[in-house]
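*Asks:* Could you have a look at this structure, given as structure tokens, before my questions?
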Amino acid sequence: MTLICRKISPVFATALVLISVWARAGTGVSEATARSSPEWLRDSVIYEIFPRDFSPAGNFDGITARLDELQGLGVNILWLMPIHPIGEKFRKGEWGSPYSVKDYYAIDPDYGTPDNFKKLVIEVHKRGMKVIMDLVANHTAWDSVMMSHPEFYKHDAQGKIIPPVPEWTDVAALNYTNALLRQYMIAMLKYWVQTYGVDGFRCDSASMVPTDFWEQARIALAKINPDIIMLAEASKPELLLSAFDIDYSWPMLGAEDQVLINGAPASYIRRSWEKSRAQFPKGALHMEISDDHDVTRAVNRYGLKGALAASALIFTLDGVPLIYNGMEIGDINESGGDALFKKHNISWQTPEHPELRDTYQDLIRLRHEYPALCNSRVDWLRNSDETKLLTFRRADDKDELLVVINFSGSPVTGKIDLKNPDGFAPVKISGMRSSDDSPLPTFHLNGFEWRIFHRLAIPAGSLANLEDNQNKLGGQNEH
């Protein structure tokens, strides 16, 4: 639950995140190596579910009923937004925010029973998928069961419990200088892993909680399940050293907004990527996003074609892409801001753009088919119009994939600085018709059009020559 959901514009909020990340990057962190994460995470696609909105019933059974569809889509990690009872004191809106937790050990009765949740987790695992829970460790509801321990909370000079941010009036800030609070929270995390078999946690407002607490929690959880994952809602380099497997690529989200909303040149995206690569630990893994519960839907922010261009980026760039429920059918219901306190059913029966599902299914299929899209290597390629075009290559010892995206609404005829274009063939993506069949390195793209090309990896000697050429052109390779 970032500041974005508190009526600060997505672009401005993300800019604040960028400034804070770049200002606090610790000396030496970028020279260290990020913790080693399970391979199944790097190869995954994360699907975020707001149980309240996911089905008309708004419960666990409504999710279980659609698991076959999610499996068919190709996603393999389901992230459930908070499933706990919501506080009533100082509640916002009719429904309240799921990030105002009343009892960490309980399940919201509107979502179902503990047995319903157990069934959901079992059915997810049967389909070869993982499930992670949303953990709200920074704050609780004002009527939380933990209020019987006022020492667990932060206080002002007059001794009154305070919210973590003045505008977050529906929640109270926890105090991690208290050792007993830490014990309570770690025991609670262990409970969900041991009792329900969840595969990890998405940790809300992770940068607002002390890093050493997360490190303590990680050690305790690893003793139960060494393969567990932890996702930080943060963009704080030190968190990826030993506590977390993956964080949010907020700088990249900010770059997408700058380009697609404010008209910044497409090269702004590359510069953002390079800054993050220079500041984070080597091998750091980020979740790439264009949509989630904190921001207005991408189809509403960027338009349909612009949203697809952003999706082409996040599914082919290094990192793990996120789909927010309904994104795959072009859902245009209110998202971000006050939507967190309401109920907006996703229009599964009358989708806005049913054809999008096939497009997303094909993008996910590419990630499963070509491991080159899941490694940390990105070769940026120069092109003839970097105000509009973004071009880069993903490669391993078997395959090369070339990505060309027009981030403008105008047609572009361009050329990639590619020494050896031989053998590249366009990859077929459902719903995407190519406006031009001319061979590389030249191409024509309509507004917001994008194309992906593939060829088998060229021999090592030739590859070395190609990389040398791209380095001269300013290409950026893996650390």
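*Asks:* Please determine whether any residue of segment 408-422 is outside any helix (DSSP H, G or I) and either in contact (Cβ under 8 Å) with a residue 60 or more places away in the chain or under 25 Å from the mean Cα position of the chain (by Cα) (or both). Working first, answer last.
*Replies:* Going residue by residue through segment 408-422, those that are outside any helix (DSSP H, G or I) are 408-422.
Checking which are either in contact (Cβ under 8 Å) with a residue 60 or more places away in the chain or under 25 Å from the mean Cα position of the chain (by Cα) (or both) leaves us with 408-409.
Yes, some residue in segment 408-422 is outside any helix (DSSP H, G or I) and either in contact (Cβ under 8 Å) with a residue 60 or more places away in the chain or under 25 Å from the mean Cα position of the chain (by Cα) (or both).
Conditions (1) open to solvent by 30 Å² or more (accessible area, probe 1.4 Å); (2) modelled with pLDDT under 95; (3) within 29 Å of residue 278 (Cα to Cα); (4) not in a strand (DSSP E or B), marked per residue:
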position: 403; (1), (2), (3), (4): no, no, yes, no
position: 439; (1), (2), (3), (4): yes, yes, no, yes
position: 451; (1), (2), (3), (4): no, no, yes, no
position: 475; (1), (2), (3), (4): no, yes, yes, yes
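*Asks:* Oh, and also: Answer yes or no as to whether residue 352 is part of a loop (DSSP other than H, G, I, E, B) and free of Cβ contacts under 8 Å to residues at least 60 places away in the same chain. Before the answer, list the steps.
*Replies:* Values: part of a loop (DSSP other than H, G, I, E, B): yes; free of Cβ contacts under 8 Å to residues at least 60 places away in the same chain: yes.
Yes.
*Asks:* Here's something else I'd like to know. Condition first: in a helix (DSSP H, G or I), under 21 Å from residue 286 (Cα atoms) and either open to solvent by 40 Å² or more (accessible area, probe 1.4 Å) or touching an Asp or Glu at 6+ places or on another chain (Cβ under 6 Å) (or both). Can you find one or more residues in segment 379-395 that meet it?
*Replies:* Scanning segment 379-395, I find no residue that is in a helix (DSSP H, G or I), under 21 Å from residue 286 (Cα atoms) and either open to solvent by 40 Å² or more (accessible area, probe 1.4 Å) or touching an Asp or Glu at 6+ places or on another chain (Cβ under 6 Å) (or both), so the answer is no.
*Asks:* Out of 392, 443, 407, I need the residue that is of a type in the set (Phe, Trp, Tyr) and out of contact with any helix residue (DSSP H, G or I) (no Cβ under 9 Å at 6 or more places or on another chain). Which one?
*Replies:* Answer to the check: 443.
*Asks:* Here's a follow-up. Which of (1) modelled with pLDDT under 85; (2) of a type outside the set (A, V, I, L, M, F, W, C); (3) exposed (fewer than 15 other Cβ atoms within 10 Å of the Cβ) does residue 31 not meet, given it meets every other one?
*Replies:* The one condition residue 31 does not meet is (1).
*Asks:* OK, next. Condition test on residue 95, is it within 30 Å of residue 45 (Cβ to Cβ), modelled with pLDDT of 95 or more and either in a loop (DSSP other than H, G, I, E, B) or open to solvent by 30 Å² or more (accessible area, probe 1.4 Å) (or both)?
*Replies:* Judged against the criteria, residue 95 is a match.
*Asks:* Moving to a separate point now. Could you please find all residues in segment 352-374 being open to solvent by less than 40 Å² (accessible area, probe 1.4 Å) and either basic (Lys, Arg) or out of contact with any Lys or Arg (no Cβ under 6 Å at 6 or more places or on another chain) (or both)?
*Replies:* As a first pass, look at segment 352-374 and keep what is open to solvent by less than 40 Å² (accessible area, probe 1.4 Å): 356, 359-360, 362-364, 366-367, 370, 372-374.
356, 359, 360, 362, 363, 364, 366, 367, 370 - these are the residues of segment 352-374 that are open to solvent by less than 40 Å² (accessible area, probe 1.4 Å) and either basic (Lys, Arg) or out of contact with any Lys or Arg (no Cβ under 6 Å at 6 or more places or on another chain) (or both).
*Asks:* Where in segment 119-186 are there strands (runs of 3 or more DSSP E), lying wholly inside it, with at least 1 residues that are charged (D, E, K, R)?
*Replies:* Where strands (runs of 3 or more DSSP E) fall fully within segment 119-186 and carry at least 1 residues being charged (D, E, K, R), they are 130-135.
*Asks:* Which residues, taken from segment 40-91, are more than 16 Å from the chain's Cα centre (by Cα), within 16 Å of residue 367 (Cα to Cα) and open to solvent by 20 Å² or more (accessible area, probe 1.4 Å)?
*Replies:* Residues satisfying the conditions are 71, 72.
*Asks:* Does at least one position in segment 177-194 carry a residue that is in contact with a Lys or Arg (Cβ under 7 Å, 6 or more places away or on another chain) and either surrounded by 14 or more Cβ atoms within 10 Å (Cβ to Cβ) or closer than 15 Å to residue 82 by Cα (or both)?
*Replies:* There is no residue in segment 177-194 that is in contact with a Lys or Arg (Cβ under 7 Å, 6 or more places away or on another chain) and either surrounded by 14 or more Cβ atoms within 10 Å (Cβ to Cβ) or closer than 15 Å to residue 82 by Cα (or both).
*Asks:* Quick check on my filter: what residues within segment 253-276 are crowded, with 18+ Cβ neighbours inside 10 Å and β-branched (Val, Ile, Thr)? Outline the logic, then answer.
*Replies:* Of the residues in segment 253-276, the ones crowded, with 18+ Cβ neighbours inside 10 Å are 253-260, 264-270, 272-273, 276.
Listed by number, the residues that qualify are 259, 269.
*Asks:* Something else: Return a yes/no flag: does segment 114-136 have any residue that is touching a Cys at 6+ places or on another chain (Cβ under 6 Å) and either hydroxyl-bearing (Ser, Thr, Tyr) or touching a residue at least 12 places away in the same chain (Cβ under 8 Å) (or both).
*Replies:* Taking segment 114-136 and keeping what is touching a Cys at 6+ places or on another chain (Cβ under 6 Å), we get 135.
Checking which are either hydroxyl-bearing (Ser, Thr, Tyr) or touching a residue at least 12 places away in the same chain (Cβ under 8 Å) (or both) leaves us with 135.
Looking for residues that are touching a Cys at 6+ places or on another chain (Cβ under 6 Å) and either hydroxyl-bearing (Ser, Thr, Tyr) or touching a residue at least 12 places away in the same chain (Cβ under 8 Å) (or both), one finds at least one in segment 114-136, hence yes.
*Asks:* Something else: Looking for something touching a Pro at 6+ places or on another chain (Cβ under 6 Å), part of a helix (DSSP H, G or I) and open to solvent by less than 20 Å² (accessible area, probe 1.4 Å) - is there at least one such residue anywhere in segment 308-327?
*Replies:* yes
*Asks:* Can I ask one more? Which condition number does residue 103 fail, the rest of (1) within 22 Å of residue 231 (Cα to Cα); (2) open to solvent by less than 20 Å² (accessible area, probe 1.4 Å) being met?
*Replies:* Result: residue 103 fails condition (2) only.
*Asks:* Out of all the residues in segment 277-298, which are more than 18 Å from residue 242 (Cα to Cα) and either of a type in the set (Ser, Thr, Tyr) or open to solvent by less than 40 Å² (accessible area, probe 1.4 Å) (or both)?
*Replies:* 288, 289, 290, 291, 292, 293, 294, 295, 296, 297, 298
*Asks:* Need at least 2 residues that are at pLDDT 95 or above and out of contact with any strand residue (DSSP E or B) (no Cβ under 6 Å at 6 or more places or on another chain) per element, so show me which strands (runs of 3 or more DSSP E) inside segment 211-301 make the cut, counting only ones lying wholly within it.
*Replies:* In segment 211-301, no matching strands (runs of 3 or more DSSP E) lie anywhere.
*Asks:* While we're looking at this one, here's another question. When segment 51-72 is examined, which residues are found to be touching a Pro at 6+ places or on another chain (Cβ under 8 Å) and assigned to a helix (DSSP H, G or I)?
*Replies:* Across segment 51-72, the qualifying residues are 52, 60, 62, 63.
*Asks:* Right, here's the next one. Tally up the residues in segment 336-356 that are of a type in the set (Val, Ile, Thr) and either closer than 23 Å to residue 97 by Cα or at pLDDT below 90 (or both), please.
*Replies:* Counting residues in segment 336-356 that are of a type in the set (Val, Ile, Thr) and either closer than 23 Å to residue 97 by Cα or at pLDDT below 90 (or both) gives 1.
*Asks:* Please count how many residues of segment 118-146 are touching a strand residue (DSSP E or B) at 6+ places or on another chain (Cβ under 8 Å) and either among the aliphatic types (A, V, I, L, M) or buried (at least 22 other Cβ atoms within 10 Å of the Cβ) (or both).
*Replies:* 18
*Asks:* Which of the residues spanning segment 201-252 are farther than 12 Å from residue 287 by Cα, free of Cβ contacts under 8 Å to residues at least 60 places away in the same chain, small (Gly, Ala, Ser) and surrounded by 21 or more Cβ atoms within 10 Å (Cβ to Cβ)?
*Replies:* Hits for segment 201-252 are 207, 217.
*Asks:* Kindly establish whether residue 361 is part of a helix (DSSP H, G or I) and of a type in the set (S, T, N, Q).
*Replies:* Criteria met by residue 361.
*Asks:* Is there any pair linking a residue in segment 330-345 that is among the polar types (S, T, N, Q) to one that is surrounded by fewer than 17 Cβ atoms within 10 Å (Cβ to Cβ), with Cβ under 6 Å and at least six apart or on different chains, and which?
*Replies:* Pairs found: 333/344; 345/56.
The values are calculated or read from the model by the stated rules, or taken from the named source; none is laboratory data. Just so you know, these numbers come straight off a predicted model, no measurement behind them. Virtual Cβ from ideal backbone geometry, glycine too; neighbours counted across all protein chains shown. For the accessible areas, the whole protein counts, side chains as well, though only heavy atoms, and no ligand, DNA or RNA atoms are used. Shrake-Rupley method; radii C 1.70, N 1.55, O 1.52, S 1.80 Å.
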